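Working notes, structure below.
Just so it is clear, none of the values below were taken in a lab; they were calculated from the coordinates. Bear in mind that the values here come from a model prediction, so they are computed numbers and not experimental data. Virtual Cβ from ideal backbone geometry, glycine too; neighbours counted across all protein chains shown.
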Amino acid sequence: MSKQSGFFIIFDIPLIPKPLSSECSANQPTPNTMKKITLLFILFTSFTYSQINLGTTILQNTVVASNLNVPWDMVYGPDGWIWFTELSGNIKRMNPTTYQIQQVFAISDVALFGFSVGLHSIQLHPDFNTNHYLYVHYAYTNTTSKIVRYEYDVANNTLINPTIILNAIPAGVSHNGSRIVILGDKLFICLGDTYNNAPTAQNTATINGKVLRMNLDGSIPSDNPTPGSYVYTMGHRNPQGMCYANGRIYSSEHGTSANDEVNIIEPGRNYGWPTVEGVCNTAAEITFCNANNVKEPIYSWSPSIAPAGMDYYQNAAIPEWDNSLLVAVLKNKVLIQLKLNADGSQVTQQNIYLTNTYGRLRDVLVIPDGRVFLCTSNRDYAGSPIAADDRIIELKNPALSIGQINETKATVYPVPSDNVINIESNYDIKFVSIINMDGKEVYAAKYSSKVDVSGFAAGTYFLRLLDGDKKLVEQKRVLVK
Ligand SMILES: [Ca+2]
Ligand SMILES: [Ca+2]
Ligand SMILES: [Ca+2]
C-alpha cells in the first residue's frame with residue numbers, strides 16, 4: 001500500500017470554451033467561459049489512495065497498465081484475456097494474471113474528430129474460442145460510424161477478415177453512445193442522438209438515439225418490436241454504458257445538466273428524450289409519458305455526473321458489492337456502486353468511491369474471479385492527464401488469493417428460467433439445492449444438468465451446486481418467471 005504525503009491540491013480548471021461541458025450538454029449553463037482557475041482545496045495532509053475501505057473488505061487498488069490513449073471499452077474474453085479498445089483504433093488484450101499487454105490490431109480507417117469520437121465499443125462472440133469473432137463500433141468518417149466483425153487470427157495474434165455488420169450509422173461530434181451486449185444470437189448496441197439532433201431520438205425512421213437489436217450477421221430479427229426495424233428502444237440521449245444481468249439489460253445515459261440516468265432496457269419502450277428528462281414529473285412529461293409507453297429510469301443523478309461504462313457484480317470475493325451495478329463516471333471522476341434489490345429491478349443504495357483518485361473513468365469490468373478493472377479517460381477532450389495516463393486499475397480483495405477467489409465454475413441458463421434451469425459445469429457436482437429469498441430450501445436433489453422449476457413461484461432464488469461432501473462449489477442467483 002503506498003501513501004502520498006504533503007500537499008494534495010485539487011484544481012478545477014475550466015476549459016474554454018467547452019460546449020459539451022456536461023460531457024455532452026448544450027443546455028448546461030457554462031460558467032466555464034470565465035477564464036479562471038479555481039483553487040478548491042489545499043489539504044496539507046497524508047492521502048492514502050491505494051485502497052477502498054468497504055467496512056469489512058478492504059480492496060487493494062493497483063495500477064496495472066499505464067501510457068494508454070483513451071481506453072474506451074474493456075471486455076473479458078472466453079480466452080481468459082481482457083480485451084480493450086483505444087480511441088485511435090488500437091485493439092489490445094491484457095493477461096489478467098501477468099498484466100502483459102499485447103497490441104493485437106490497429107484499425108486503419110478510424111476517424112478521430114469532435115469530442116473524442118473514434119473507436120468505441122468491443123464485444124466478443126460467445127463462441128469466440130471456436131469462431132474467433134469479435135465486434136467493434138467506430139467512426140470511419142466525420143459523419144458515419146459502423147459495426148464491423150473481425151476474426152481473430154490465433155496463430156499470428158492479429159485480426160483478419162473484416163466484415164461490415166451495420167454500415168453508415170449517422171455519427172455526430174459527440175453522443176455516439178456505443179456499448180455492445182450479445183445475448184445468444186442477438187447483438188444489442190446503444191446509440192446516442194449525435195449531439196446536435198435531439199429529435200432523432202423520437203424518430204422511428206432513424207437508428208440514432210436508440211438501442212438496436214440485430215442478428216449477429218447484422219440482419220434484422222423477425223421478432224423485433226417493429227417488423228423490419230432495428231429499433232429495440234427509443235428516446236435515448238447519449239447512452240454510454242450497457243450490461244446484462246438478472247435477465248435484464250441495464251444502460252447508463254448522459255442527461256443534460258441534470259438527469260443522468262440508469263435504465264432497464266425493455267423491448268418497444270420509449271425512454272423519453274428529448275421531451276422527458278429523468279422521471280415523468282412535470283405536467284408536459286406526464287402527458288407524454290402516458291401517451292408514449294415511456295419507461296422511467298431506475299436511478300438518476302442531478303446535477304449530471306456523466307456515467308459511462310457499467311458492469312454487474314455478483315461474486316463472493318467482494319461481498320459488499322454483491323448484486324450491484326458498478327458505474328465508471330467521467331465528469332465527477334468516481335466509481336459508483338448501485339446496490340440492487342433482490343430481483344434487480346430497483347436501486348436500493350448508492351456508494352461512491354475513488355473521488356478524484358484516478359481522474360475520469362470510462363469503463364469498469366468485472367471478471368469471473370471477482371476482480372474489478374477500471375480504465376481512465378484522461379487523454380480525451382475534457383481530461384487533465386498525468387504522465388502515466390491513461391491507466392487501467394485493478395481492484396481486488398487481497399484477503400483472497402486469486403486462486404481462492406470464487407471462479408465461475410458453472411453456467412446456468414436461461415435467465416429468467418421458465419420450466420427448466422440448465423446447468424453446465426466441468427466440476428464434480430453431486431448435489432443441487434435451491435434456496436428461496438427467505439433462506440428456505442425449496443429443492444434438494446442429486447445433480448442433474450436440468451432442474452425442473454415449473455412448479456416454482458416466480459421470483460429470485462439461489463441455486464447451490466454442491467460437491468460429494470455437500471460443500472458449496474458455487475452459488476448462482478437465478479430468476480424463475
Ligand atoms: Ca465494457
Ligand atoms: Ca430517459
Ligand atoms: Ca423529468
Quiz item: Between A399 and D153, what length comes free when the chain is fully extended (0.36 nm per residue of separation minus the Cα-Cα distance, one decimal in nm)?
Solution: 84.7 nm
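Ranked by Cβ crowding within 10 angstrom, fewest neighbours first, how are T376, T194 ordered?
Fewest to most other Cβ atoms nearby, the residues stand as T194, T376.
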Self-check item: Per-residue HN-Hα couplings for the range 464-481 [Karplus 6.51, -1.76, 1.60; θ = phi - 60°; Hz; x = Gly/Pro]
Solution: 10, 9, 10, 8, x, 8, 6, 8, 5, 8, 7, 10, 10, 7, 10, 10, 10, 10
Exercise. Kindly list the residues of the range 172-211 that lie in the label zone of F113, defined by a backbone N under 14 Å from the point 7 Å along the Cα-to-C-beta vector.
Key: 172-176, 194-196
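Among residues other than N246 whose Cβ falls under 9 Å from its Cβ, what is the net charge (Lys/Arg +1, Asp/Glu -1)?
+1
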Quiz item: Short version: ³J(HN,Hα) in whole Hz for each residue of the range 73-79, in order, from phi by Karplus 6.51 cos²θ - 1.76 cosθ + 1.60 (θ = phi - 60°), x for Gly and Pro, what are they?
Solution: 9, 10, 9, 9, x, x, 7
Self-check item: Net dipole in debye of the range 416-480 [+1 Lys, Arg Cβ; -1 Asp, Glu Cβ; about Cα centre; nearest 20]
Solution: 100 debye
Quiz item: Stretched out fully, how many nm does the piece from Q103 to V420 gain, at 0.36 nm a residue minus the Cα gap?
Solution: 109.9 nm
Exercise. Please list the non-local residues whose amide H lies under 5 Å from the amide H of K333, H modeled 1.01 Å from N, same-chain partners needing a gap of 5 or more.
Key: L361
Quiz prompt | Unit charges at the beta carbon, dipole of the chain: most positive-side option, S88, Y353, A283 | solution = Y353
Self-check item: Partner aspartates and glutamates for K333 [C-alpha distance under 18 Å; skip if fewer than 8 residues away on the same chain]
Solution: D12, E23, D73, E253, D260, E261, D311, D363, D380, D389, D390, E394
Exercise. Return the FRET efficiency for the residue pair A457, T411: r is the Cβ-Cβ distance, R0 is 25 Å, and the value is rounded to the nearest 0.05.
Key: 0.55
Quiz prompt | Inter-centroid distance (Cα atoms) of the range 314-370 relative to the range 442-481, Å | solution = 27 Å
Quiz item: Got a sec? Charge dipole of the chain, +1 on Cβ for Lys and Arg, -1 for Asp and Glu; which of S66, F128, P162 is way out at the positive end?
Solution: S66
Self-check item: Spatially near lysine pairs across the range 416-480, Cα under 16 Å, sequence gap of 8 or more or different chains
Solution: 9
Practice problem: Give me the distance between the Cα centres of the range 99-144 and the range 162-228, rounded to whole Å. | Solution: 16 Å
Quiz item: Applying 1/(1 + (r/R0)^6) with R0 = 35 Å to the Cβ-Cβ distance of I220 and N53, what FRET efficiency is obtained, to the nearest 0.05?
Solution: 0.10
Practice problem: Mind sorting D153, D73, D260 by how few other Cβ atoms lie within 10 Å of their own Cβ, fewest first? | Solution: D153, D73, D260
Exercise. Kindly give the semi-axes, whole Å and largest first, of the ellipsoid equivalent to the chain, taking each as the square root of 5 times a Cα gyration tensor eigenvalue.
Key: 34, 28, 24
Exercise. Could you work out the local net charge near K481, counting Lys and Arg as +1, Asp and Glu as -1, over the other residues with Cβ closer than 11 Å to its Cβ?
Key: -2
Quiz item: Using a Förster distance of 35 Å, how high is the FRET efficiency between T130 and S448, based on the Cβ-Cβ distance and rounded to 0.05?
Solution: 0.85
Quiz prompt | Table column - 3J(HN,Hα) (Hz), the range 240-254, Karplus curve with 6.51, -1.76, 1.60, x for Gly and Pro | solution = 10, x, 7, 8, 10, 6, 6, x, 10, 9, 9, 9, 9, 8, 7
Quiz item: Roughly how many nanometres apart are two label points built 7 Å out from the Cα toward the Cβ at I386 and T287?
Solution: 5.3 nm
Exercise. Quick one: which residues, 5+ away or cross-chain, put their amide H under 5 Å from the amide H of S417? H built at 1.01 Å from N.
Key: L479, V480, K481
Practice problem: Would you grab the residues whose amide H sits under 5 Å from the one on Q314? Only those 5+ places off in sequence or on another chain, please, with H modelled 1.01 Å from N. | Solution: N323
